[in-house]
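S.K.: Here's a structure for you.
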Amino acid sequence: MKKYIFIIIGVITFSCNNWEKSKNTNEKVVKKDLRPFFDADKIDHYFVNYTLDSIIISGGESKKSKKEKEFEDIFMGYFPDSIPKKSFEEILLSHNYKKSNLTIKQQKEIENVFSEKDSLQMSAYACVPEYRDIFIFKKKEKTIGIAKICFKCGRFQIVGSKIDTQYFGLFDELEKLHDIVRPTEKKT
């Protein structure tokens, strides 16, 4: 029996030492250069100050205009699911999204948030997204990527990236992003 106790203690000690080594290795991996999702030279941020309650349009689908359906697809849905041929910025402006004036520093910070991570996103979403924040990534004035963010529930939609974006969206990343674009506003 004593022999088994020594074996168990040995296995636990060995496991703890290996866990400590792997933890230190992971810290080194996180510090590596992170590849941005987009090779952009400019980032634009658009914001609309609506809530889901304020935009619910009463009546059935048949009573909604084409413009109302388009707005719902942007605000709550999956539009766009690719880079639109028509200027997406014009579409956003037609739905009262406002363009932020981002500094070069803010754009660099945003690029760092929208970059490849060695993290594991393990979230389940239980809300309808409210995509009030939309980021447009440009290269030589041409839209190359779009990211829609719901800071309320952490949902996101990223279009146009050649890098796997499935691990994006950890809450500390989203909080950092929120603080960059709306530093004086509490997260809703």
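The values are calculated or read from the model by the stated rules, or taken from the named source; none is laboratory data. Note that the structure is predicted; figures quoted are calculated from it, not measured. Here the Cβ positions follow ideal geometry from the backbone for every residue, glycine too, while neighbour counts run over all protein chains shown. Accessible surface areas use protein heavy atoms only, side chains included; no ligands, DNA or RNA. Shrake-Rupley method; radii C 1.70, N 1.55, O 1.52, S 1.80 Å.
S.K.: Whose amide H sits under 5 Å from the amide H of G145, counting only residues 5 or more places off or on another chain, with H placed in the peptide plane?
M.R.: The list, which skips near neighbours in sequence, is F137.
S.K.: Too long at a 28 Å Cα-Cα cut-off: which of K69/K140; K64/K85; K86/K139; K86/K148; K64/K140; K85/K162?
M.R.: Working: K69/K140 31 Å; K64/K85 24 Å; K86/K139 17 Å; K86/K148 17 Å; K64/K140 37 Å; K85/K162 19 Å.
Correct reply: K69/K140; K64/K140.
S.K.: Hey, can you find the accessible area per residue of the range 75-166 for me, probe 1.4 Å, expressed in square angstrom? Could the numbers behind the result be given before it?
M.R.: Values: 4970 Å² over 92 residues.
Averaged over the residues of the range 75-166, the accessible area is 54 Å².
S.K.: Excluding V48 itself, what net charge comes from residues whose Cβ is under 10 Å from its Cβ, given Lys and Arg +1 and Asp and Glu -1? Display every interim value, and only then the final one.
M.R.: Details: positive: K98, R132; negative: E130, D133.
Residues near V48 contribute 0 overall.
S.K.: Net charge near P129, counting Lys/Arg +1 and Asp/Glu -1 over other residues with Cβ under 12 Å of its Cβ?
M.R.: Details: positive: R132, K148, K152, R155; negative: E72, D73, E130, D133.
Combined, the nearby Lys, Arg, Asp and Glu give 0.
S.K.: Using θ = phi - 60° and the Karplus relation 6.51 cos²θ - 1.76 cosθ + 1.60, list the HN-Hα couplings for the range 84-93 in order, rounded to whole Hz, with x at every Gly or Pro.
M.R.: x, 5, 6, 4, 5, 5, 4, 4, 4, 4
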